[in-house]
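The values are calculated or read from the model by the stated rules, or taken from the named source; none is laboratory data. Predicted model, so just to flag it, every value in this text is computed and none were measured. Cβ atoms come from the backbone with ideal geometry, glycine included; neighbour counts cover every protein chain shown.
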Amino acid sequence: MGLKALCGLLLMVLAGCAAAPPLNPGTPPASSILTQANQPFHRGVNVLGYDPYWTDTAKRRFQWRHFAEIRKGGFDFVRVVLQAFKHMDANNRLDPAWLAKLDEVVREAQKAGLGIILDEHDFNPCSEDLHVCSAKLTAFWQQVAPRYANHPRTVAFELLNEPHDKLNGESWNRLFAEQLALVRQTNPNRIVVVGPTHWNSLNDLPLLKLPPDPNLLVTFHYYDPFHFTHQGATWAGEDVKKLKGVTWGSDQDRAALSSDFDKVAAWSDAHNRPILLGEFGAYDNSGTPLDLRVAYTAAVRAEAERHGFDWSYWQFDGDFIVWDMKTQRWIEPIHKALIP
Ligand code: BGC
């Protein structure tokens, strides 16, 4: 075949390729879907959820230099825990002073070189009353999403932490789709974090109905076995809050962890979605020996990484701490369990 004929054939093949219809018009092409490798959130820590910064700044524990410590300590992002509903007026307008504080958090975390997930954390009021939830969550994202629309892709939005109770089942799929559509009006490509019902339980992943949106990062939270991680925790329910001395670390415990994460990985492969383990840890104020909490934390972090999940530890300070505000140092064994 002459060179001209060869070129002609090549042109025809190329034209044919360009005109070929997509295999499934409702699904984004695999090449454009967010993957573990092309998204910026890998090793993170939850911050500022229960800090007086939001209500009485003079009493704040978290200072801006802590962002630099977090970055230096080997983390690349923070999940900023926002309980914004109580900072809204009767018309669901967010207090301008609260918004200015949020701007400062974003600016300072960025200065330290950290990615930021803005996590709306009113999961309890939301799961109790769908009407109130829908109104307030809509108002929240209507005000917050455009505000950060021009920020780089190292800022992500998590539409709601841990849906449960009244948000179990289809109500969450509906609410999530509505909120996502709202965010997409101003942030067409922003990474949005979404998780399943029953407090972001991995068992509910199969119930999650995701729209064909390429920029979703799917999250789950892992505190199993709950009677180990939450023994003595006042909010953990009558049976668990009375528990003491529960251990963790047998071969059986480790096998259960590994098989749980296998299920998440299988779901992730089948649905072609990257995974963020957004919260995990073991409660520290219950007398559970540090070495057991360290073994658990190290094992969960290692299994997450082995399965190709990114993660954020619960939490920087307050409880479950990895940073000690009294000594202004890392709790070294927990820190090492996370960043070896
Ligand atoms: C809640 C915290 C709680 C943690 C572990 C988080 O989602 O906001 O209040 O300490 O889960 O139970």
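May I ask you to list the residues in segment 311-329 that are more than 14 Å from the ligand (Cβ to nearest atom) and either farther than 14 Å from Arg43 by Cα or polar (S, T, N, Q) (or both)?
Those that are more than 14 Å from the ligand (Cβ to nearest atom) and either farther than 14 Å from Arg43 by Cα or polar (S, T, N, Q) (or both): Trp323, Asp324, Met325, Lys326, Thr327, Gln328, Arg329.
Across segment 291-340, what is the number of residues that are in a helix (DSSP H, G or I) and within 18 Å of the chain's Cα centre (by Cα)?
Qualifying residue count for the region: 8.
Name, by its number, the condition in (1) of a type outside the set (Asp, Glu); (2) within 22 Å of His335 (Cα to Cα); (3) touching a residue at least 60 places away in the same chain (Cβ under 8 Å); (4) in contact with a Leu (Cβ under 7 Å, 6 or more places away or on another chain) that does not hold for Pro274.
(2)
Tell me the residue from Asp310, Asp319, Asp324 that is in contact with an Asp or Glu (Cβ under 7 Å, 6 or more places away or on another chain) and either under 30 Å from Trp64 (Cβ atoms) or not acidic (Asp, Glu) (or both), please.
Exactly one of Asp310, Asp319, Asp324 is in contact with an Asp or Glu (Cβ under 7 Å, 6 or more places away or on another chain) and either under 30 Å from Trp64 (Cβ atoms) or not acidic (Asp, Glu) (or both), namely Asp319.
Out of the residues in segment 155-187 that are of a type in the set (Gly, Ala, Ser) and not in a loop (DSSP other than H, G, I, E, B), state the one that is surrounded by the most Cβ atoms within 10 Å (Cβ to Cβ).
Ala156
At pLDDT 95 or above, part of a loop (DSSP other than H, G, I, E, B) and surrounded by 15 or more Cβ atoms within 10 Å (Cβ to Cβ): is that true of Pro152 in this structure?
Against the criterion (at pLDDT 95 or above, part of a loop (DSSP other than H, G, I, E, B) and surrounded by 15 or more Cβ atoms within 10 Å (Cβ to Cβ)), Pro152 does not qualify.
When Tyr53 is evaluated against the numbered criteria (1) assigned to a helix (DSSP H, G or I); (2) in contact with a Ser or Thr (Cβ under 8 Å, 6 or more places away or on another chain); (3) within 30 Å of Ile334 (Cα to Cα), which criterion, by number, is the only one it fails?
The single condition Tyr53 does not satisfy is (2).
Kindly establish whether Asn161 is in contact (Cβ under 8 Å) with a residue 24 or more places away in the chain, under 24 Å from Ser259 (Cα atoms) and within 12 Å of the ligand (Cβ to nearest atom).
It is false that Asn161 is in contact (Cβ under 8 Å) with a residue 24 or more places away in the chain, under 24 Å from Ser259 (Cα atoms) and within 12 Å of the ligand (Cβ to nearest atom).
Name the residues in segment 43-65 that are in contact (Cβ under 8 Å) with a residue 24 or more places away in the chain, under 24 Å from Leu94 (Cβ atoms) and of a type outside the set (A, V, I, L, M, F, W, C), would you?
Result: Asn46, Gly49, Tyr50, Asp51, Tyr53, Thr57, Arg61.
Could you please give the count of residues in segment 281-340 that are hydrophobic (A, V, I, L, M, F, W, C), farther than 27 Å from Gln252 by Cβ and surrounded by fewer than 22 Cβ atoms within 10 Å (Cβ to Cβ)?
Selection size over segment 281-340: 5.
Starting from segment 167-181, take each residue that is at pLDDT below 95 and list its partners that are in a helix (DSSP H, G or I), counting only C-beta distances under 9 angstrom and pairs at least six apart or across chains.
Gly169/Thr197; Gly169/Leu207
Listed here are the residues, each with its yes/no results for (1) closer than 22 Å to Val193 by Cα; (2) in contact with a Phe, Trp or Tyr (Cβ under 6 Å, 6 or more places away or on another chain); (3) within 15 Å of the ligand (Cβ to nearest atom); (4) at pLDDT 95 or above.
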| position | (1), (2), (3), (4) |
| --- | --- |
| His42 | yes, no, no, yes |
| Val45 | yes, yes, yes, yes |
| Leu48 | yes, yes, yes, yes |
| Asp51 | no, yes, yes, yes |
| Lys59 | no, no, no, yes |
| His66 | no, no, no, yes |
| Glu69 | no, no, no, yes |
| Val80 | yes, no, yes, yes |
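Check Ala233 against each of (1) surrounded by 10 or more Cβ atoms within 10 Å (Cβ to Cβ); (2) without any contact (Cβ under 8 Å) to a residue 40 or more places away in the chain; (3) within 24 Å of the chain's Cα centre (by Cα) and name the one condition it does not meet.
(2)
Looking at segment 48-60, is at least one residue crowded, with 21+ Cβ neighbours inside 10 Å and touching a strand residue (DSSP E or B) at 6+ places or on another chain (Cβ under 9 Å)?
yes
Those residues that are surrounded by fewer than 17 Cβ atoms within 10 Å (Cβ to Cβ) and of a type in the set (A, V, I, L, M), I need them from segment 82-105; list them, please.
Ala90, Ala97, Leu99, Ala100
Which count do you get for residues in segment 96-125 that are in contact with a strand residue (DSSP E or B) (Cβ under 8 Å, 6 or more places away or on another chain), over 21 Å from Thr57 (Cα atoms) and within 16 Å of the ligand (Cβ to nearest atom)?
1
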